[in-house]
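The values are calculated or read from the model by the stated rules, or taken from the named source; none is laboratory data. Since we're looking at a predicted model, the values are computed, not measured. Counting neighbours? That spans all protein chains shown, and the Cβs are built from the backbone with ideal geometry, glycine included.
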Amino acid sequence: MVDAAMPHHATGEPVLRLAGNWRILTGGVVLGLLVLAAVAAPWLAPFDPLDQELSAQLRGPAWSGHLLGTDSLGRDLLSRLIWGARIAAEVAVLAAIPTAILGTALGLLAGYFGGLADALISRLVDVWTSFPPVLLSIILVALIGTGLTSVVVAIIVIDWTRFCRVVRAETLKQRHMDYIDAAIVAGLKPMTILAREIVPNVLPLVLVLLTMEMGIAVIVEAILSFVGLSISTDAPSWGGMIAEGRQVVHQAPWIMAAPLLALLATVLGLNLLGDGLKAELDPVLR
Amino acid sequence: MSPVLAIERLSAVTGDTALLRDVSLDVAAGEVHGLVGMSGAGKSMIAKAVLGVLPPAVRVTSGSIRFEGTEIAGLPRARMRQLLARGIALIPQDPLSALNPTRRIDAQMTDVMRARLGLGAAAARERALALLDEVQVREPASVLRRYPHEISGGQRQRILIAIAFACAPRLIIADEPTTALDVTVQKQILRLIDDLRRRHGAAILFVTHDLGVVAKICDRISVMHAGVILEQGAVADVMAAPQHPFTRALFAATPRHDRPELDLRPVPDALQYAVSVPR
């Protein structure tokens with residue numbers, strides 16, 4: 001009876017154990033490649049992504065040094081793809097992390113203190129989630145102006161509810177645990193209890209959501225670029241490249257295919273990573 | 001000498017149901033007072049009322065709870081926090097769930113000392129080591145680095161006892177501290193609690209349904225049923241000559257190692273319900 005203990009962690013080094021999960025491994029590799037491309041873009045890209053070579057438009061892949069060919073203005077596709085990874089990574093990090101912090105903070109407050117705080121925050125979430133997110137983001141960016149900053153702001157403003165809902169539910173569950181009661185009768189202050197007893201328990205969940213949110217942020221940026229509401233059109237963002245490629249898709253399908261595949265791989269990788277982390281970390285939460 | 005804890009005519013309700021009715025009980029300094037009764041008798045309600053953690057749906061309708069002469073029933077949270085840990089501490093019922101699974105023992109032990117005694121990180125750690133030694137946890141330094149799931153239930157209860165004694169409280173509420181443990185471990189834990197409270201001079205309100213435990217460790221006893229205290233007195237007296245029929249029935253339902261020839265009899269329904277009339 002005594003030794004029917006909490007679910008045991010698998011033994012071994014935590015990092016090695018996580019790498020043993022194929023979804024985490026695949027997702028991690030994809031994410032690693034994205035980060036590598038983003039950080040090392042100036043050294044990895046064979047050409048300047050903005051350099052137009054009007055005599056060499058719509059060249060096919062592997063044409064005289066252009067590994068993936070060129071687009072309708074004669075710009076090197078591979079270089080634009082690599083620089084596009086930087087924009088995708090920027091949005092993923094700059095949008096997803098503040099979204100997670102905002103949503104988690106509000107979810108913790110609502111779940112722990114309940115009462116008025118919970119009523120206000122929960123109603124706000126209800127109202128927020130009743131709007132279709134893509135439509136809302138297009139309206140928001142149209143209102144506050146185009147550009148990468150607006151895209152990031154739009155994602156934070158719209159998506160915090162994802163974190164808030166889940167964290168609130170988990171906090172409510174934690175609130176009834178014996179160790180929280182023990183902390184209360186030890187005379188610890190509510191904020192101390194939140195920070196030290198509850199946050200470590202919701203952190204794995206937030207990490208999983210954060211990974212998923214990064215995928216969502218990359219897609220949203222691509223959508224807004226596609227409709228021309230994100231970064232300026234000649235900047236190499238994947239969404240913008242898809243939009244350009246669409247116009248010449250009959251003559252040069254690879255121009256649209258390349259950024260689409262990059263987008264697909266990135267989002268798939270992030271979702272795999274999230275799923276894998278969820279599978280590994282969930283038993284800790286039970 | 002005035003008692004450490006004095007509960008006088010305490011009544012509490014939830015909705016229309018009476019949970020406690022005119023409960024009076026006191027615990028003298030250094031005394032172990034056993035609070036016994038069946039499940040649902042209201043033992044834990046009393047413990048929660050003393051600790052100021054009654055569920056929101058429960059309302060105290062009358063009576064008083066005084067700790068060292070200070071009224072603590074309905075004390076604001078911030079004032080109550082001043083008393084907790086240093087004045088009144090808890091040994092919880094279930095050692096498996098009373099430690100946070102995601103934090104090392106180290107952090108969970110030192111939190112209280114740093115917050116309530118104002119100790120620095122190093123001093124708190126040193127005191128944690130000394131306390132673990134005192135509750136006879138082997139290899140305290142290595143235990144401090146572990147997570148709760150890596151150590152046994154008995155060890156965890158020792159750690160929780162160490163935490164309860166960490167800030168030298170004058171009163172400890174022990175809420176069925178041996179119920180979740182193996183019988184063999186129970187005995188050691190009881191002896192440990194008894195040892196520590198003698199050394200530290202703490203009084204204990206010992207909530208339990210186990211009369212064997214009461215006989216071993218308590219000085220006085222209150223028998224409780226359906227929110228009412230039926231009988232109160234020195235353990236030896238009550239055990240030798242229980243006055244209330246319910247107390248007699250309760251004793252008859254408890255196995256006795258010294259009188260194995262006695263048959264066990266469940267508490268009769270008529271007695272179980274006799275006192276539980278609605279308010």
key: Of all residues in the range B:83-117 being under 20 Å from the mean Cα position of the chain (by Cα), free of Cβ contacts under 8 Å to residues at least 60 places away in the same chain and under 20 Å from B:Pro169 (Cα atoms), the one that is farthest from the other protein chains (Cβ to nearest Cβ)   = B:Met109
ask   = Which residue pairs have Cβ atoms under 7 Å apart, sit 6 or more places apart or on different chains, and have a first residue in the range A:257-270 that is in contact (Cβ under 8 Å) with a residue 12 or more places away in the chain and a second that is surrounded by 14 or more Cβ atoms within 10 Å (Cβ to Cβ) and among the polar types (S, T, N, Q)?
value = A:Gly269/A:Thr26; A:Leu270/A:Thr211
key: Scope the range A:29-86; condition loosely packed, with under 14 Cβ neighbours inside 10 Å and polar (S, T, N, Q); matching residues   = A:Ser55, A:Ser64
request  = Please specify each residue of the range A:228-245 satisfying the condition of being crowded, with 22+ Cβ neighbours inside 10 Å, in contact with a Gly (Cβ under 7 Å, 6 or more places away or on another chain) and of a type in the set (Val, Ile, Thr).
outcome  = A:Ile231
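Go through the range A:108-198 and tell me which helices (runs of 4 or more DSSP H), entirely inside it, have 3 or more residues that are within 14 Å of another protein chain (Cβ to nearest Cβ) and more than 26 Å from B:Thr110 (Cβ to Cβ).
Details: elements: A:115-129, A:133-144, A:148-175, A:178-185, A:190-193.
Fully inside the range A:108-198 and qualifying: A:115-129.
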ask   = Can you name the condition, by its number, that B:Thr184 falls short on among (1) within 14 Å of chain A (Cβ to nearest Cβ); (2) out of contact with any helix residue (DSSP H, G or I) (no Cβ under 6 Å at 6 or more places or on another chain); (3) touching a residue at least 60 places away in the same chain (Cβ under 8 Å)?
value = (3)
message = Going residue by residue through the range B:156-167, is there one that turns out to be buried (at least 19 other Cβ atoms within 10 Å of the Cβ), outside any helix (DSSP H, G or I) and within 10 Å of chain A (Cβ to nearest Cβ)?
response = yes
note = Residue count, the range B:138-155, condition more than 11 Å from every other protein chain (Cβ to nearest Cβ) and touching a helix residue (DSSP H, G or I) at 6+ places or on another chain (Cβ under 8 Å), comes to 6
query = Restricting attention to the range A:179-199, does a residue exist that is surrounded by fewer than 22 Cβ atoms within 10 Å (Cβ to Cβ) and within 24 Å of the chain's Cα centre (by Cα)?
reply = yes
query = Taking the stated definitions as given, is B:Leu144 in the same structural domain as B:Asp26 (by TED's automatic domain parsing), free of Cβ contacts under 8 Å to residues at least 60 places away in the same chain, within 26 Å of B:Arg114 (Cα to Cα) and not hydroxyl-bearing (Ser, Thr, Tyr)?
reply = no
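Consider the range B:223-242. How many of its residues are in a helix (DSSP H, G or I) and surrounded by fewer than 21 Cβ atoms within 10 Å (Cβ to Cβ)? Can you show your working first?
Step one: filter the range B:223-242 for residues in a helix (DSSP H, G or I), giving B:235-240.
With surrounded by fewer than 21 Cβ atoms within 10 Å (Cβ to Cβ) added as a condition, the list becomes B:235-237, B:239-240.
Looking only at that region, the number is 5.
Every residue in the range B:56-82 that is free of Cβ contacts under 8 Å to residues at least 24 places away in the same chain and either in contact with a strand residue (DSSP E or B) (Cβ under 8 Å, 6 or more places away or on another chain) or more than 8 Å from chain A (Cβ to nearest Cβ) (or both), please. Outline the logic, then answer.
The first filter runs over the range B:56-82 and keeps only residues free of Cβ contacts under 8 Å to residues at least 24 places away in the same chain, leaving B:56, B:70-72, B:74-76, B:78-79, B:81-82.
B:Pro56, B:Thr70, B:Glu71, B:Ile72, B:Gly74, B:Leu75, B:Pro76, B:Ala78, B:Arg79, listed by residue number.
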